[in-house]
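Every number here is computed from the coordinates shown, using simple stated rules; none is lab data. Note that this is a predicted model, so its numbers are computed, not measured. For neighbour counting, all protein chains shown are included, and Cβ atoms are generated from backbone atoms with ideal geometry for every residue, glycine included.
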Amino acid sequence: MKRLSAVIEKRYSRIGTTGYAVESAIKMLLLQFVEDLSDREMERGMRENMAFRWFCGFTPEDETPDFTYFTKLRKRIRTKGIAALFNCFQEMLKGKGYITGTFTFLDASSVISKTHLWKERDKAITKGEDTLNNQNVAKHASDPDASFGAKSKKKFWYGYKRHVSVDMRHGFINKVTMTTAKISDNDPCVVKSICPDGGMVFADKLYDTNDVKHVLRTKGCASGIIQKNNRKTKDFDLDRWRSRVRMPYESTFSRLTKFARYKGSLKMLFQGFVEAFAFNLRLLAKLVPEGELSPAV
């Protein structure tokens with residue numbers, strides 16, 4: 001924990017009154033996302049839950065922060081800070097052999113910003129527009145960075161898209177990024193940002209494009225992508241094996257939240273990093289033998 005604290009300790013001023021310890025701040029931030037709590041729910045949890053207090057380093061007599069503290073904490077750490085924390089934790093996992101980079105699974109999932117846009121649609125119609133789509137939604141919606149995305153003709157959503165690479169030794173999230181929902185899963189720039197350096201990369205048919213394969217080659221990766229059925233080199237037996245190999249790691253996305261907590265691409269990237277951090281911490285707790293993982297880790 002000292003190594004993680006050192007990453008963001010420089011963001012704290014030594015002038016003025018003494019606040020809560022940096023170690024406690026990191027633990028409270030992670031705990032909030034592990035339990036998927038709002039700021040007010042987190043305030044109540046810290047005040048009433050002894051397990052929360054124990055994990056975050058508070059005694060039963062200590063005063064715990066109110067809900068405004070968590071807003072200030074996120075503003076202090078910012079997206080750049082949580083990205084640095086996540087990357088530092090990843091290096092620690094790699095150093096212990098939990099992440100190897102030998103086999104990696106790439107995929108994307110939806111993050112829903114709003115369940116309806118009736119007011120925005122009515123606003124567009126009053127201005128003479130026939131419908132609400134990705135060409136005009138930014139002008140009418142409260143979140144100009146969100147957009148419509150679709151998995152099929154019947155399955156679509158409004159919000160963002162989480163792109164993740166999962167290390168296939170234990171299932172840790174190795175890299176993560178957030179984009180607006182209209183960005184394709186196989187966008188070369190996105191794939192490059194989450195692609196590992198070396199090893200074999202597994203993914204579904206959507207990633208079977210020449211641009212993606214070029215990215216893999218430049219990163220020194222072998223392709224384990226399932227080929228499209230119209231490929232002349234399609235090997236159905238090989239692709240069935242690839243599907244079975246990556247299947248256990250698809251559950252990673254079902255354990256990540258499906259809803260956006262914030263508005264704006266930068267804040268959503270913050271959510272992506274801290275949720276991945278919390279996911280990896282929860283997984284580590286399951287893998288480490290009982291008694292070896294303490295609040296001081």
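Miscellaneous remarks
- Range of Cα positions in the range 100-260 per principal axis (Å), largest first: 54, 34, 27
- With Cα atoms defining each centre, the range 123-138 and the range 40-74 are spaced 44 Å apart in the structure.
- Here 145, 122, 197 are placed in order of increasing Cβ neighbour count within 10 Å, fewest first, which gives 197, 122, 145.
- Net charge contributed by nearby residues that have their C-beta within less than 13 Å of residue 224 (K/R +1, D/E -1): +1
- In this structure, the pairs whose alpha-carbon distance is over 31 Å, taken from 94/258; 72/151; 75/219; 155/175; 127/154, are 72/151; 75/219.
- Ranked 221, 189, 195, criterion: other C-beta atoms within 10 Å, fewest first: 189, 221, 195
- Volume per residue that the Cα convex hull of the chain spans, once the total is divided by residue count, Å³: 162
- For the pair residue 44 and residue 136, a Förster radius of 35 Å applied to the C-beta separation gives a FRET efficiency near 0.25, rounded to the nearest 0.05.
- Checking every one of the trypsin sites (Lys or Arg not before Pro) in the range 1-106 against DSSP loop status and a limit of 12 other Cβ atoms within 10 Å picks out 14, 96.
- Backbone N within the range 193-222 under 18 Å of label point (7 Å from residue 92 Cα along the Cβ vector): none
- A helix-only calculation puts the chain at -13500 deg cm²/dmol for mean residue ellipticity at 222 nm, using -39500 (n - 2.57) for each DSSP H run of at least four residues, averaged over all residues.
- Averaging the sequence gap over all C-alpha pairs within less than 8 Å and six or more residues apart, then dividing by the number of residues, gives the chain a relative contact order of 20 percent.
- Of the residues 119, 154, the one with the fewest other Cβ atoms within 10 Å heads the list, and the complete ranking is 154, 119.
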